[in-house]
Amino acid sequence: MKRRIFSSVIVLLVLFGVWERASAKAIKPVPRGKRIYDMKWLNINRWKCPFYNDGRYGIDVTVGTGQAGGSWPQPLHNCYIFGAGMWFGSLKPRPDGKVDTLVSFGYNPNSGGTEMTPTTVKNVAEGAGSPDDRIFVYPSDWPPRPRSRWETGDPRMDSILIPYEAFSLQDMWCVYSDAAPENHIAPGKPQNIDVYQVVYAWNYPSNQDIFFILYYVRNSGDDTLKRCFIGAVMDPDIGDARDDMVGFILNDSIPGAGWVANVGYAGDNDNAESPGSTWDAGTPGVFAYKFLDSPKRDSITPSGDTVKVPLGMTAFKKFTIDIDPVTDPAQYLTMAGYDYRTGVYSAYDSVDVTPADKRFIQCSGPFDLAPGQVERLVVAAIGAPFGGPNQPWANRPKDSLVHLARVANAAQFIFDQGWLLPGPPVSPNMTLIPGDKVVRIVWDDLPERTPDRYWEKVASQPGPGYDPMYRGYDFQGYVVYKSRDGANWQILGQCDLVDSITFSYPPGGDSTQPDSLWINATDNGVYYTLLDKNVINGFRYYYCVTAYDWNYITRERDSLGNPIKWDTLILRSGIVSNFSTVPRWEPVNYVAPEVQVVRLVGDSTKPALVCSTTVVVPFKVTSDVYELRLLGPSWTGSTAKAGYSYYVVNTSRNDSLIVDTSSFTYTLAASPKTVSIQVPVFNGQAVKMVMKMKIPSAPFDGVNILSGSYPVESLKVGGAPSQAYWAFRGSDYRIEWVNEGGYLTAKVYDVTNGDIEVPFAKFTTTGTGPQNANGWCFVDRAFRNPTDTLKGTVANIYICGGYLGLKQSGDSLRGLLSSINDGDKWIVVGHRAEGAAPFYNVFRISATPGYADTTTKQELKVKVVPNPYIVFNGWEKSSEQRVIKFTHLPTTCTIRIFTTAGDLLKVIAHKDTKKQPLDEGGTATWDLINDYGQLIAPGVYIFHVESPVGEFTGKFMVIH
């Protein structure tokens, strides 16, 4: 390794009189466990590791004076991490024109302590310990709040530093700073940096051995920090700490994995550990850091352009407890790539031959950090196998690193794709409609028609991370939540697709813990609106609709890369408290919309499916006319279960598509189920289809000969084969006999469903024949040999789920063949006693919009609530807030409030446009402040309501 002297740094250290102290031991080490403010466990995947809001992680301070706590792979308690954290160093200008060489650490391997305090620079005067500065963990305590405590004044930057949404299955977020002088080992001092730290973790096969740490470092001081370095330090104790070894991959090709860069790792010298308090069992692996992103430097492209590129790992330094750099100058030199004891530059400590209690730090720099500037270091912390049992460190070939290299590259892929991993469906768009003692929650079907973003990257076509098992459209159901305060939630309802996929997740899930991933899929059918009747007028309620999925992710592949084992993946979108409403009294003169459903096509005497509609978003109802159109049956793989499809168009606007083609299934049975199919809300209406249909006892009720000489008494209604139940319609059919090229054939039309032509299909009851049940054909006396040509051997005609015998004996046609001629027409009367299937049905859906009736006079009965007003009521959130409400108002009116002496105190103009769902309706709110900005005195007051539909005068009392 080439060595050189970093002369400028050495000169600075000598000039400022700190070189001598660079090699000295700390005078006052920080005792382990001294400053513990909050501790949370990362435990969502095969890592279990404690994190603290003072910059440390790994060390378990709940055991004695501190013990290794970062263990992998769960459920084994095999410890790899004694303690770890971030270091940040800089040259900081002093008022006297000199420079301080400073390093602030989140973890000190020499003492187990930290120089960070769990609060920002601007809040450090408060001291530590505020519950607002805790570690926030998704999903139980998310998102971080109050945001104003950590905001920087730059909204764009704040949106990056302080998250709203969670990225992973267990996001962990906190903020700490180095601004408390008493935390620093003398003569060290604060650099005035804030560290916004985020941890991500998933538990999918490709990333269950990784957790990600993002360090956002902000200069919250007034001076530009020069020649900064940022690093990730690790004190690995792999079982017995005394035989640890370290190594790194700067930029190398690993057999079986390809090129790998910016990785440092620690492992066990003899790959053997005895069971004990920090090691359960198994062959040791390695713990590694992989730099995914780092501060940037300028780079010149071949075309002469200047671009920013990551500095990457600019130093990898190993040390033991007896030579730990413990002062700021020694630590700074180490981060810069120097041996602080000699001043020799050797950035990468590549040779490790002696087992010992090792530490290592990998760093990135130098860079400058101006006031308010933020730089980021993104680290993947990885556990991976390395070598065989009892295999010495020195005897492990390069390809032993293949497992680590593959996981490291997977981590880089995840980061490069913008943390794109298997994720939950998008959340639906939601509308809240307040009513009188009710709230209507309405949402759309966006999660059902939005492809999974991860699928678009890894499963839509071969490439990095390709997984053919992963489904693009994996939506499974919705969960509706309710809260009084936007923080404590309860499940209001949940629904899922009718597709035979039923489960509880997690098993034994508890509905009293709604912010968990608790899901109960019962095949109850998806709906898009829910009415909450458990509300009180005047109080605010929060609602959230989440979506969850059902997918598959490959766990094991064969030698060709084909999946041979896979896991089920269930993910739910997050709960957010962005939507709330207040139920209120309706306007007395509002006329609600009226809706109507008419069946245009299909049987109306014994329909198996009925269609109805309900107004759920009144202000969105228009006079446009819509049609819901069902399509023909589709094969589902089951002879009794048919696939149904439908779509919705706006006929008032050139048949524009409103609801894209959607599908459901229904299974015929002797004791049939009633299934409800909810159509996504359109035109302010929730359309519902309800279906119930038995197995038909017969396919047809008879035949009428419209023209021709065929003897009707010769015809015989046959059976309804079970292999064709899925295609049974119960329709009337018209058979038109046609001579084509000297041979008789037929054309068959579904009279009940708009004369749609029935296709020819070669149906049989065996093999793949049942897939052809939706059609017609001629068959022989054994119901075989389907054909479209009428011959003497033909004995039956099959039509959509039923046979019609051409002779009472069931024998072949033969002598009666001449009785059928070109142009003859028959009507086969469908059997509908058990219900007519809705294939090809059409429903017209029309509405009359709601409106405010301002012409009809009404007797108003306006009320004041509460009356009397006594000091405080439940609507008020504090003693400073005062609320009374005028109820049962018309949509537009003027309220005037007088003293008993006739003095006008307040004029309230009430107008409800019904254009927004949050309008107050027939309710007006007053804060008891008069038009002069004064709180009214206790006493009796008179109010007068004037409107186009009537007037009202009343009284109310106020008692302070």
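Results, tabulated for the structure shown:
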{"quantity": "Under-5 Å amide H pairs with Val758, H placed in peptide plane, nonlocal only", "calculated": "Val748, Tyr749, Asp750"}
{"quantity": "Listed peptides 444-456, 577-589 by packing density, highest first (mean Cβ within 10 Å)", "calculated": "577-589, 444-456"}
{"quantity": "Order by protection proxy (mean Cβ within 10 Å, highest first), peptides 48-56, 116-124, 733-741", "calculated": "48-56, 116-124, 733-741"}
{"quantity": "Relative contact order (%) - criterion: Cα under 8 Å, at least six apart; region: the chain", "calculated": "8"}
{"quantity": "Efficiency of FRET from Cβ geometry, Glu951 and Asp270, R₀ 60 Å, rounded to 0.05", "calculated": "0.05"}
{"quantity": "Extension gain, Ala592 back to Lys308 (0.36 nm per residue minus Cα-Cα distance, nm)", "calculated": "96.2 nm"}
{"quantity": "Residue-span extension gain [Leu531 to Ser819] - 0.36 nm each, minus C-alpha spacing", "calculated": "97.4 nm"}
{"quantity": "Euclidean distance of C-alpha centroids, segment 753-768 and segment 809-861, integer Å", "calculated": "20"}
{"quantity": "Dipole magnitude of the chain about its Cα centre (Cβ charges: Lys, Arg +1; Asp, Glu -1), debye to nearest 20", "calculated": "580"}
{"quantity": "Ranked packing of 223-235, 839-851, 68-80, most packed first, by mean Cβ within 10 Å", "calculated": "223-235, 68-80, 839-851"}
{"quantity": "Coil-residue GluC sites (Glu not before Pro) of segment 111-198, DSSP, other Cβ within 10 Å capped at 11", "calculated": "none"}
{"quantity": "For Val344, residues with placed amide H under 5 Å, excluding near neighbours", "calculated": "Asp339"}
{"quantity": "Residues whose placed amide H lies under 5 Å from that of Ile254, excluding near-sequence neighbours", "calculated": "Trp259, Val260"}
{"quantity": "Candidate aspartates and glutamates - alpha carbon under 14 Å from Lys762, same-chain residues fewer than 8 apart omitted", "calculated": "Asp780, Asp788"}
{"quantity": "Which of Ile323, Thr450, Gly383, positive extreme of dipole for segment 322-458 (C-beta unit charges)", "calculated": "Thr450"}
{"quantity": "FRET efficiency estimate (nearest 0.05) - Cβ-Cβ, Arg242 to Lys565, R0 35 angstrom", "calculated": "0.35"}
{"quantity": "Solvent accessible area, Å² - Asp853, 1.4 Å probe, full protein context", "calculated": "30"}
{"quantity": "Over 18 Å (Cα to Cα) - which of Lys620/Lys885; Lys906/Lys955; Lys857/Lys906; Lys437/Lys533; Lys863/Lys885; Lys641/Lys692 fall in this group", "calculated": "Lys620/Lys885; Lys857/Lys906"}
{"quantity": "Reachable lysines from Lys98, criterion Cα separation under 19 angstrom, eight or more residues apart if same chain", "calculated": "Lys189, Lys226"}
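The values are calculated or read from the model by the stated rules, or taken from the named source; none is laboratory data. Keep in mind the model is a prediction, meaning the values are calculated, not measured. Positions of Cβ are generated from backbone atoms using ideal geometry, with glycine treated the same way; all protein chains shown enter the neighbour counts. Areas reflect the complete protein model, heavy atoms only, side chains present, ligands, DNA and RNA absent. Shrake-Rupley method; radii C 1.70, N 1.55, O 1.52, S 1.80 Å.
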